[in-house]
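Read through the structure below, which is laid out as structure tokens, and then see the notes.
Read-outs: derived from the displayed coordinates by stated rules, not from any lab. Predicted, not measured: the structure shown is a model, and the values here were computed from it. No Cβ is skipped: glycine too gets one built from the backbone with ideal geometry, and neighbour counts run over all protein chains shown.
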Amino acid sequence: MQDNNYIWDIKKIESLTENEAKAMAEETLTIKEHTVYLIDFHGYFGFSRVVFCNGHHIHYANDYELHHPKKERAQLRECLISGANNILFTEAELAEPLKDYDEYTRKEYFLRNYYSMREDFISCFGNFSDPAFAKKWERKTANMIRDDISFAYYTQDKQEFVKHHYQLFVTLQKRKAETVSDPEYQKKAFLREMFNHEYGINWEADYDTLSAFGNLVYHQKDDGLELQDYFGQLKFSELQRKAYFEARREYYEMFNAMA
């Protein structure tokens, strides 16, 4: 039993082992090949979702009551469960045809950020301006395997894990490639990124929006020629170009209606 007077902070929660989470859980669920513990931390974090897989704490997939204020317990429970179902995927689901761009972005995020936490790793990122940190990091990663999907290093005995991770990502990219001839998928993809980048008030709207679909070299504004240049850099088909203009038309219809 946990002490209800104990004050939890994010570091303490994220450092929980699975045995500790299991002992504290009010409810334990299996969701998309992950074990989800519903725990009441009381205080600031409150009733929360804590996620594990392969014995590892997938704490990026956790969610806390503080993100859902004013919800009753039953409503909050359903929110935490539906949230887990939305962000977690089975391997079979990762290989399925994509329904829409939103599903693709959730699956890509899952592979890059959640799946990679199933094994211990060292991040490719850090405070490399600190010579002591850089030296220690180089020594630790010298004989490790780099995983460019998650931008992390794993020990040599995790070669099969890294290889499988890469294969899952390649399969997802194949499913994405199948959407190139689907005008509705393409339009909705562009429309979502237009809203993400506040297209209507963004001075670099086309550059920022299209950068979500590939690496672009910036083109100075030149009466619309920059947009055609970006289309060319991304090797967009005529269908994709038309879908972009259709998305832009719909965006401005909604944008002007909200003005």
Cα-centred dipole magnitude for the chain, charges only on beta-carbon of K, R (+1) and D, E (-1), debye, nearest 20: 420
If each residue of separation counts as 0.36 nm, what is the full-extension length gain between VAL180 and PHE133 once their alpha-carbon separation is subtracted? 12.5 nm
Stokes-Einstein diffusion coefficient for the chain at 37 °C in a medium of 0.692 mPa s, Rh from the Kirkwood formula over Cα pairs: what value in µm²/s? 153
If you project the alpha carbons of region 10-87 onto their three principal axes, what span does each projection cover, largest first, in Å? 33, 25, 20
Proximal lysines to LYS32, defined as alpha-carbon separation beneath 24 angstrom and excluding residues fewer than eight positions away on the same chain: LYS22, LYS99, LYS107, LYS158, LYS163, LYS174, LYS176
Mean 1/r over distinct Cα pairs of region 92-177, inverted to a Kirkwood Rh in Å, yields 14.2
Computed over the chain, the relative contact order (Cα-Cα under 8 Å, seq sep at least six) in percent reads 12
Can you tell me the 0 to 90 degree angle between the C-alpha axis of helix 238-258 and the longest principal axis of the chain, rounded to 10? 70
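Could you give the longest part of the chain that holds none of the trypsin sites (Lys or Arg not before Pro) found in DSSP loops with at most 10 neighbouring Cβ atoms within 10 Å?
Numbers: sites that count: LYS70, LYS99, LYS235.
It runs 100-234.
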For an R0 of 41 angstrom, estimate the FRET efficiency from the Cβ-Cβ distance between PHE245 and HIS67 and round to the nearest 0.05. 0.65
For region 183-258, what log10 I(q)/I(0) values come out of the Debye formula at q = 0.11, 0.16, 0.25, 0.26 1/Å, with one point per alpha carbon and no solvent? -0.24, -0.53, -1.31, -1.39
Give the residue list of chymotrypsin sites (Phe, Trp or Tyr not before Pro) in region 151-191 that are DSSP loop and have at most 14 other beta-carbon atoms within 10 angstrom. PHE151
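If you stretched the chain out fully between ASP222 and ASN86, how much longer would it get, using 0.36 nm times the residue separation minus the C-alpha to C-alpha distance? All intermediate terms of the calculation are to be shown ahead of the outcome.
On the way: separation 136, 0.36 × 136 = 48.96 nm, distance 4.15 nm.
Full extension from ASP222 to ASN86 adds 44.8 nm.
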Tilt, helix 159-177 to longest principal axis of the chain (alpha-carbon atoms), in degrees rounded to tens, equals 30
Along the Cα→Cβ direction, 7 angstrom out, place labels at LYS11 and ARG106. What is the inter-label distance in nm? 3.4
Per principal axis, descending, Cα span of region 90-243 in whole Å: 52, 41, 23
